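Visitor: I have a structure I would like to understand better, so I am pasting it below and will then ask my questions one at a time.
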Ligand SMILES: NC(=O)c1ccc[n+]([C@@H]2O[C@H](COP(=O)([O-])OP(=O)(O)OC[C@H]3O[C@@H](n4cnc5c(N)ncnc54)[C@H](O)[C@@H]3O)[C@@H](O)[C@H]2O)c1
Ligand SMILES: *[C@@H]1O[C@H](CO)[C@@H](O)[C@H](O)[C@H]1NC(C)=O
């Protein structure tokens, strides 16, 4: 899909002009002050025009800011003509129409992302209708998102290119399709990047989520919503394993805080509007088509390139451990949550009765020290890592995660079945095939396989 032309500048000027017209129509100004006013105005307009041309709009952040992260401040993509035409509507309808009796019609946000692409394929495979939404931001290499999109396109899944904060676009989608469910996975992910670009977390994880909920609550019928929270909400929790009833009021990163805020916001929309909402606390999800900003991914890259890797240990010289969860297990959990989601009770913005509100851990229930992760990778890549052990900086990471998944098992039979060695073998197989790595990798990992 082609990127529509940037209309934000002209729209801003239009808004400004109508503001000016309003000022003009007030009768309070006498003739002379009117003249002075007009001269000032003209000067101001010329200056604005000058600055608008000279500097790109909305980039006041000195750090690297992916272009789409501020789009909640800019105009709707939908206001241009590429979205909203008859051909576009046809694609939207076709993609979201279920092919099984009583099939779902699911809007998957973040469909070009790691978990979103896997869930979209799984839903489509079993006969549900799937429409994707993604802004293809460059938090990590967008070519990976495009490659996932190509895979989805092959399976008749259309991804609308747009932002969560684009209310007219979301409203249009709900006008065209009576979605039964929303699987909301779009977010600014990553714990460490929050110190570099905090606003992107607020923009996508809070403002974007609220925008989606506003549109969903007004829709008729209201969809049921399953969305991605995170194990990071447990923050400095010291209980082991982490259970849903443990405290989550000590986030260690802004990322965690925005996910926790999401859980509270979900409560509000459930309470006021009768939206059925399920939050899933994912624990370090990994696998084929994964995220390049995660340790297992960049360790693989660095080991293959002979670069040293940083291995964190805690302040007390203990090893950092993670409850790594394989993507296929997480996908099953997402589908289980969708299948057991009740209908929302409201319609057209009015609550009719109490609605379901749930939160579940989706983890693997067996934490693995990062050193063990590295030695599995060394074996699979047939290459020794240059290990550089350092004390974990206080940048938002927590030393340890471990999920109690009893609740998800009880309510929808969630049972992770893939251990880290098995899952990493599948990841490495994908990695060498996707990036065309050959030399030192063992024979049995060389065959390619399209992962769904
Ligand atoms: N992978 C994990 O280990 C993990 C752990 C806990 C929680 N999560 C959560 O699960 C969800 C999916 O994570 P993932 O690993 O697939 O990440 P991802 O970054 O691969 O996928 C997120 C997708 O959302 C899109 N997106 C971001 N902001 C958007 C916006 N404002 N409008 C439209 N699209 C937007 C991105 O372009 C991306 O393709 C996220 O909410 C993440 O916070 C992931
Ligand atoms: C796990 O969670 C369940 C249900 O939430 C709870 O009853 C149980 O006590 C927890 N187990 C542990 C070991 O914390």
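Visitor: What FRET efficiency comes out for residue 350 versus residue 247 if R0 is 30 angstrom and r is the Cβ-Cβ distance? Round to the nearest 0.05.
Guide: Details: r = 34 Å, r/R0 = 1.14.
After rounding to 0.05, the efficiency reads 0.30.
Visitor: Listing 92, 226 from the residue with the fewest other Cβ atoms within 10 Å to the one with the most, what is the order? Present the calculation step by step, with values, prior to reporting the outcome.
Guide: Numbers: 92 19, 226 28.
Ordered by Cβ neighbours within 10 Å, fewest first: 92, 226.
Visitor: If neighbour count is taken as other Cβ atoms inside 10 Å, put 435, 297 in order from fewest to most. Present the calculation step by step, with values, prior to reporting the outcome.
Guide: Working: 435 11, 297 17.
Listing 435, 297 from fewest to most nearby Cβ atoms yields 435, 297.
Visitor: OK, next. For the pair residue 378/residue 153, report the inter-label distance in nm, with labels modelled 7 Å from Cα in the Cβ direction.
Guide: 4.2 nm
Visitor: Could you tell me what percent of the DSSP beta bridges with both partners in the range 247-361 are antiparallel, to the nearest 5? Working shown, then result.
Guide: On the way: 2 of 9 bridges.
Of all bridge pairs located within the range 247-361, approximately 20 percent are antiparallel.
Visitor: Moving on to the next point. Round to the nearest 0.05 the FRET efficiency obtained for residue 301 and residue 102 when R0 = 60 Å and r is the Cβ-Cβ distance. Working shown, then result.
Guide: On the way: r = 44 Å, r/R0 = 0.73.
The computed FRET efficiency comes out at 0.85.
Visitor: Most exposed first by the Cβ proxy, i.e. fewest other Cβ within 10 Å, how do 88, 289 rank?
Guide: Numbers: 88 18, 289 22.
The order, fewest Cβ neighbours first, is 88, 289.
Visitor: So, one more: Work out, step by step, the length gained on full extension between residue 419 and residue 264: first 0.36 nm times the residue separation, then minus their alpha carbon distance; give nm to one decimal.
Guide: Values: separation 155, 0.36 × 155 = 55.80 nm, distance 3.27 nm.
Extra length available between residue 419 and residue 264 comes to 52.5 nm.
Visitor: Of the DSSP beta bridges with both residues in the range 302-417, give the percent that are antiparallel, rounding to the nearest 5.
Guide: Values: 4 of 11 bridges.
Taking every DSSP beta bridge with both residues in the range 302-417, the antiparallel ones total about 35 percent.
No value in this document is a laboratory result; all are computed from the given coordinates. This is a predicted model, so every value here is computed, not measured. Cβ sites come from the backbone with ideal geometry, for glycine too, and all protein chains shown count toward neighbours.
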